[in-house]
1. In Å², what does the accessible area per residue of the chain work out to with a 1.4 Å probe?
2. In deg cm²/dmol, rounded to 500, what helix-only [θ] at 222 nm does the chain give when every DSSP H run of at least 4 residues adds -39500 (n - 2.57) and the total is split over its residues?
3. Quick one: net charge of Ser53's neighbours, Cβ under 12 Å, K/R +1, D/E -1?
4. Just subtract the alpha-carbon distance of Ser197 and Glu226 from 0.36 nm times their residue separation and send over the number in nm, one decimal.
5. Kindly point out which whole DSSP H helices in the chain project their C-alpha atoms 18 angstrom or further along the helix axis while averaging a Kyte-Doolittle hydropathy of 0.0 or above.
6. Report, to one decimal in Å, the Kirkwood hydrodynamic radius for segment 129-246 based on all distinct Cα pairs.
7. Springs between alpha-carbon pairs under 10 angstrom, Gaussian network model over the chain: which of Ala211, Ala98, Ala106 fluctuates most?
8. Using only the alpha carbons, work out the radius of gyration and Dmax of segment 168-207 in angstrom.
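The values are calculated or read from the model by the stated rules, or taken from the named source; none is laboratory data. Quick caveat, the model's predicted, so the values are computed rather than measured. Heads up, the Cβs are rebuilt from the backbone with ideal geometry, glycines too, and the neighbour counts pull from every protein chain shown. Ligands, DNA and RNA are excluded from the accessible area calculation, which covers all protein heavy atoms including side chains. Shrake-Rupley method; radii C 1.70, N 1.55, O 1.52, S 1.80 Å.
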Amino acid sequence: MIFYVLTIFPEFFYPFLEKGIVAKGIERKKLEIRIKNLRDFTKDKRRTVDDYSFGGGGMVLKPEPVFLAMDEVNKEFKNKKRVVLLTPQGEIFTQRKAEEFAREKALVLICGRYEGVDERIRETLITDEISIGDYVLAGGELPSLVVIETISRIIPGVLGKERSYEEDSFTQPFLDWPHYTRPREFRGKQVPEILLSGNHQEIKKWRLKEALKRTLQRRPDLLKEELLDKETGKILREVKRERRLG
Ligand code: SAM
């Protein structure tokens, strides 16, 4: 998958291309990140990318550099592609959305700045508007990185054999279970005995039960019985019964 990023701050992205899961994906040739510096698509000496908002207010990202950068992207990747504007006014980004985007061959991410982007960019170039939450950041760079990292974990072959995203919170219709590592005892706190038992069936059941318990406690909205398999549904009813009893 190729991620194109249109930004005025390419340097924000470089550390992410060198370390961690995105770097692994690049090294394993499962993904590619092509960053377009919007200032390279300006024509004046000062490489201006913003201008005053008509009607008053702050600065706005100008249309020309974004349209010219998109022309270059379209030359490099000719097929149809999703073009995402990062905006606090967009659809909230979720694991489901990430799975949907992960099926694409290329994704263009446009990072806004200032008061946002000229409306004609949104009207003409954009297929999707994505927000990473109900708060306002100074730019679309961090949201783009959130989107890139989330999708990268899903692309087959990026995480490697030792780790799979399928057991994560939100991929399952419940939150992940608690994890422990060595030492068995830490500052008086023990690892639950069952995890040391070697009984894989019992461990699986314990994990499922703990996952359901914490989902019920923290995010009951996620627990839809019709999405659960028979065994999980049975354990959920057991958890609910135990909660009622005390
Ligand atoms: N004036 C805009 C508004 O109130 O809707 C906010 C502009 S914000 C200061 C500048 C840029 O940061 C936006 O164009 C967008 O690209 C990015 N941004 C800020 N918060 C975001 C969020 N929650 N999700 C995605 N992008 C965000």
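1. 62 Å²
2. After summing the helix terms and dividing by residue count, I get -11500 deg cm²/dmol.
3. On the way: positive: Lys62; negative: Asp50, Asp51, Glu115, Asp118, Glu119.
It works out to a net charge of -4.
4. Roughly 7.2 nm would be gained on extension.
5. Span-like helices here: 141-154.
6. By the Kirkwood definition, the hydrodynamic radius is 17.2 Å.
7. Ala211
8. Calculated on Cα positions, Rg and Dmax stand at 12.0, 34 Å.
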